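Just so it is clear, none of the values below were taken in a lab; they were calculated from the coordinates. Keep in mind that what you see is a predicted model, and the values were worked out from it rather than measured. Glycine also receives a Cβ, built like all others from the backbone with ideal geometry; neighbour counts cover every protein chain displayed.
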C-alpha cells in the first residue's frame, strides 16, 4: 500500500477505529507523502492521537517533526503543531514561535487559543462562551487579509459551532454575546479567505445563531443572502436545503406562515431524496431544534 493509500485508509476508519488508525499513523512513511496531503496528515494526527486518545505529547512530537523536516509543509501543519504543543503544556515551543513569525504574535496567540477550544473545549460551556467572546473581540484589530486569515476563519467557525451544540434555546446573555461575536468573526475572516461556498456557509452559521437566540428577522436576512450567493455561483443542493429549513423557521416565527411552510415543504422534499443516513439525521436534528418533533409546525 502506498503512503497516500494508507493515509486514505486512516481517514476512512479513524472515527470508528481510532486505536487502529493511531497504529497506522505511527507506521506511515510520511516522507513519501506529497505536500498537498500534509494538511490531512496533520489533522488526523491531532484528531486521533490528541483529541480521541488524549496523547497530546505524542501528537505534538509528531507534528513538530513534520513541521521541522518538511520544508514544503503548509500553514495547516504549523497551526496544528502549535495547537498540539499548547495542549501538551509546552510553552515556548518552536511551533508557537514559528506561527507568530508567520502571522504576527497576537493573531498567532488567538489562533492557538481558538484551536485549543475546538480540540479540547472547556467542560463548562460558560467558559467556552467567555473565551470565544474574548477572542472574537481581540480579532477585530487583526487584518482580515493577514497570513492566518483562513485558519482564524476555521477556528471561529468551529468554536461557534461547538457553543451552539452546547447551548440550546433559550440562550443566556453570555452565550448570546459569544455566539454573535464568534459567528461575526467567522464571517469576517471567511469573506477575506474563502470561496463563495465558504461565504454561504458562514452566513448559514450566522443564521443558525440568529434563530437560536430569537432574532428571526436577522436569520431570514442571512438565509436569503446565502441563497442568493448559491444561485449566483453554482449548485450546493445540500447547503441550500439546510438554508431553506432555517429560512422556514425564521419566516414562521415572523408570521410569514405561508412562505415559511412552502420553504419547509421544499426542504423536506429534498431530504426525502437523500440516501445518506447521516445527512438525514442531521436535518432531522436541526428540524427538531426549530419546530420540535411535531410533523407540521403551527
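Which of these values of log10 I(q)/I(0) by the Debye sum over Cα atoms at q = 0.09 Å⁻¹ was calculated from the structure shown: (i) -0.57; (ii) -0.49; (iii) -0.72?
(ii)
Going by C-beta contacts inside 10 Å, put 149, 52 in order with the fewest on the left.
52, 149
Compute the acute angle (0 to 90°) between the alpha-carbon long axis of helix 75-87 and the principal axis of greatest extent of the alpha-carbon atoms of the chain; round to the nearest 10°.
Rounded to the nearest ten degrees, it is 80.
What ranking do 111, 187, 152 get, fewest neighbouring Cβ atoms within 10 angstrom at the top?
Placing the least packed residue first, the sequence is 187, 111, 152.
Given a 10 angstrom Cα cut-off, can you work out which residue in 166, 148, 245 is the most mobile in a GNM of the chain?
Its mean-square fluctuation being the largest, the pick is 166.
Under the rule of -39500 (n - 2.57) per DSSP H run of 4 or more residues, summed and divided by the residues of the chain, what mean residue ellipticity at 222 nm is obtained, to the nearest 500 deg cm²/dmol?
Mean residue ellipticity at 222 nm (helix-derived): -23500 deg cm²/dmol.
Of the candidates 176, 220, 253, which one comes out as most mobile in a Gaussian network treatment of the chain with C-alpha springs shorter than 10 Å?
In the Gaussian network model the winner is 253.
Got a sec? How would 256, 237 order by Cβ neighbour count within 10 Å, fewest to most?
237, 256
With a ≥ b ≥ c taken as the square roots of the eigenvalues of the C-alpha gyration tensor of the stretch 195-298, please select rounded if a/c is under 1.5 and otherwise prolate if a/b is larger than b/c or oblate if it is not?
Cα axes put the stretch 195-298 in the oblate bin.
Using alpha-carbon positions, what is the distance between the centroids of the stretch 115-134 and the stretch 135-195, in Å?
So the two Cα centres are separated by 12 Å.
First check a/c for the stretch 1-103, with a ≥ b ≥ c the square roots of the eigenvalues of its C-alpha gyration tensor; if it is under 1.5, answer rounded, and if not, answer prolate when a/b is larger than b/c or oblate otherwise.
oblate
Roughly what angle does helix 125-139 make with the longest principal axis of the chain, taking Cα atoms, 0 to 90 degrees, to the nearest 10?
80 degrees
Between 84, 153, 23, find the one with the highest GNM mean-square fluctuation for the chain; connect C-alpha pairs within less than 10 Å.
Answer for the Gaussian network model of the chain: 23.
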